[in-house]
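A short write-up of the structure that comes next.
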Amino acid sequence: MARRELSREELFALVWEKPTREIAKDFGLSDVAIGNLCARLQVPKPPRGYWARVQAGQTLRRPPLSERSLKPNAGRLRAKEQRNRFRNCNGSSIWRP
């Protein structure tokens, strides 16, 4: 499959036009991958239940696409740290090597 590049604005328009599952099917990705891409590019996604409300005939507002943060690691997951952090019974974090 050929690689396709999307701008942040195009991704925003797609995410608010149709459900993430359908977008993922079009691109041959998973819906989780599309969600991660939205998080990385700081693109707001519709909240849970949005598409059910649209199907029911409600007209809902779309948030504006704000300027992207200038933080270098904005939206990037640090998988190793996220995977190794656990909480003990006191609520404090425990890090595993």
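The values are calculated or read from the model by the stated rules, or taken from the named source; none is laboratory data. Here the structure is a predicted model, which means the values were calculated and not measured. Neighbour counts run over all protein chains shown; Cβ positions are idealised from the backbone, glycine included. These area figures cover heavy atoms from the full protein model, side chains too; ligands, DNA and RNA do not enter into them. Shrake-Rupley method; radii C 1.70, N 1.55, O 1.52, S 1.80 Å.
Restricting to the stretch 27-60, and then to whatever is β-branched (V, I, T) and outside any loop (DSSP other than H, G, I, E, B), can you tell me which residue is most open to solvent (accessible area, probe 1.4 Å)?
Taking the stretch 27-60 and keeping what is β-branched (V, I, T), we get 32, 34, 43, 54, 59.
The next check asks that each one be outside any loop (DSSP other than H, G, I, E, B); those that pass are 32, 34, 54.
Values: V32: 93, I34: 5, V54: 60 Å².
Filtering first and then ranking leaves V32.
So, in the stretch 1-16, of the ones that are in a loop (DSSP other than H, G, I, E, B) and either among the small types (G, A, S) or touching a residue at least 24 places away in the same chain (Cβ under 8 Å) (or both), which residue ends up most open to solvent (accessible area, probe 1.4 Å)? First the steps, then the outcome.
Step one: of the stretch 1-16, the residues in a loop (DSSP other than H, G, I, E, B) are 1-7.
Checking the rest, the ones that are also either among the small types (G, A, S) or touching a residue at least 24 places away in the same chain (Cβ under 8 Å) (or both) come to 1-2, 7.
On the way: M1: 190, A2: 90, S7: 45 Å².
Ranking the qualifying residues of the stretch 1-16, first place goes to M1.
Just a yes or no: is a residue in the stretch 17-26 surrounded by 10 or more Cβ atoms within 10 Å (Cβ to Cβ), touching a residue at least 24 places away in the same chain (Cβ under 8 Å) and assigned to a loop (DSSP other than H, G, I, E, B)?
Yes: the stretch 17-26 contains one or more residues that are surrounded by 10 or more Cβ atoms within 10 Å (Cβ to Cβ), touching a residue at least 24 places away in the same chain (Cβ under 8 Å) and assigned to a loop (DSSP other than H, G, I, E, B).
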